[in-house]
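Before any comments, here is the structure.
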Amino acid sequence: MAGRRQNFDFPEGNGSGHSLYNTSYKLHDLLPDNDYLKQTEPVVALFVLFYVLNFCLCIVGNTMVCFVILKMPRMQTVTNYFLLNLAVSDLLVAVFCMPFTLVDNIIRGWPFGDVMCKLTPAVQVVSVAASVFTLVAIAVDRFYSVVHPTEPKFSIRGVQKIVIAVWSLALFIMVPQVLLIEDKTMTLDFFKETLSLHICVETSQLWRKLYTILLFATCYVIPLAVIVLLYIQIGLKVWEKPVPGGQHAPTQVKQASWKRKVKVVKMLLAVVVLFAFSWLPLHTLSLLSDHGFLTLDQRDIINVYVYPIAHWLSYFNSSVNPIIYGYFNENFRNAYKSMMCDSNSGFVPTPYTRTSSRSPALSNRIHSSSPQRRRSVNVQEIQLEVIVTHMVVNNHLAPPS
């Protein structure tokens, strides 16, 4: 995540220097060498390049998701509103997290003033928390649609309430950040010359450590656990579904069924793995900085070189979300094609009809001895399996027929 400021290690020991979101500074790092850059110019240029690429990918991808959903009425479905909320929160991550964190990672001191010292970390915490909580909401929506298809689905009004709850919880988590952080002026004396440096610091070492644990639990451990548990059940539900036609099914049908199941499992694994590995380094560094026993040299290496990489990796999750939840989605691909072609008719619906429940007559005909009926059953079972797979991979976004 982004948003937390790093404290200094003062000689009297009233700071420990860490942040879940932004890099830390050491007293001896503040010497007036290298024009206040924390790294050499080639390293700074490399960081800037990768952050700019990440920023552009995040802005373009999430803007396209917002544009498609807002412009095309057929894309305004229950699940797509979750994706819209995810795209908005990820856009906030790009605008408020990436630029400020980049500057904070490559220069010494805080150049943006007291107001931005409180505002920037607050918005960063809210945007990142909202993005993570929305991922959980999407997992819950998929779970009920696939594992419990007969249960009542979310309504548009229900989605609105969930979105409000997501942002309310994110705002609540942000409050300690605003109360703990402030802009201070640090005066340093070097060879009869006095230097002043503005720093944005968390004033309480104890509360900062507790806040680190709070963020680790609420924005990583709990969301990841919920997502993993729900996606495991979704994967098992799809994987355990019998092959259409059973043992008498043609080889091509069995192979097609296997490929569809593998596709679903790969998609679910991609969601979990990308989220887990994108955020794990940053949370690990934050806990290590606050609760570990590091030497001064180890802290220098972490603060100057490792934190910028960990931040970039965490923000990369916001950049790939549109790819995972958008570009791999057939309905979104159709919408993008329609948009690129400047079509006025909107996107072309996917070629299947949504079914709300299984037909009782279908199960009654399964054991029929008639070859024609068995072939009919196989076709209907294949169609049903394709629908279930499509619901998982494409977020069950097919428009009603």
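Could you pull out every residue, at least 5 positions away or on a different chain, whose amide H is within less than 5 Å of the one on Ile107? Hs are placed 1.01 Å off N in the peptide plane, and Pro or chain starts have none.
Lys38
Taking θ as phi - 60°, what are the ³J(HN,Hα) couplings along region 104-112 by the Karplus curve (6.51, -1.76, 1.60), each to the nearest whole Hz, with x for Gly and Pro?
5, 7, 10, 10, 9, x, 10, x, 9
Work out, step by step, the length gained on full extension between Leu274 and Leu294: first 0.36 nm times the residue separation, then minus their alpha carbon distance; give nm to one decimal.
Here the segment from Leu274 to Leu294 would lengthen by 4.4 nm.
Enumerate the calculated ³J(HN,Hα) couplings along region 45-61 in order (Karplus 6.51 cos²θ - 1.76 cosθ + 1.60, θ = phi - 60°), each rounded to whole Hz, writing x wherever the residue is Gly or Pro.
4, 5, 4, 4, 4, 5, 5, 5, 4, 4, 4, 5, 4, 5, 5, 5, x
Could you list which residues have their amide H under 5 Å from that of His198, counting only those 5 or more apart in sequence or on another chain, with H placed in the peptide plane?
Amide H neighbours of His198, under 5 Å, 5+ apart: Trp110, Met186.
Could you list Asp300, Asp141 so that the one with the fewest beta carbons within 10 Å of its beta carbon is first and the one with the most is last?
Fewest-to-most Cβ neighbours within 10 Å comes out as Asp300, Asp141.
Determine the alpha carbon to alpha carbon distance for each of Lys38/Lys118; Lys161/Lys266; Lys237/Lys337; Lys38/Lys209; Lys71/Lys153 and list only those over 28 Å.
Lys161/Lys266; Lys237/Lys337
By counting other Cβ atoms within 10 Å of each Cβ, how are His283, His148 ranked from fewest to most?
With the sparsest Cβ surroundings first, the list reads His148, His283.
For region 140-151, what does the Karplus curve 6.51 cos²θ - 1.76 cosθ + 1.60, with θ = phi - 60°, yield as ³J(HN,Hα) per residue in whole Hz, taken in order and with x for Gly and Pro?
Per-residue couplings from phi come out as 5, 4, 5, 4, 5, 6, 9, 7, 10, x, 8, 6 Hz.
Quick note: the coordinates plus some simple rules give every number you see, no bench work behind them. Fair warning: this is a prediction, and the values are worked out from it, not measured in the lab. Methodologically, a virtual Cβ is constructed for each residue, glycine included, from the backbone with ideal geometry; neighbour enumeration extends over all protein chains shown.
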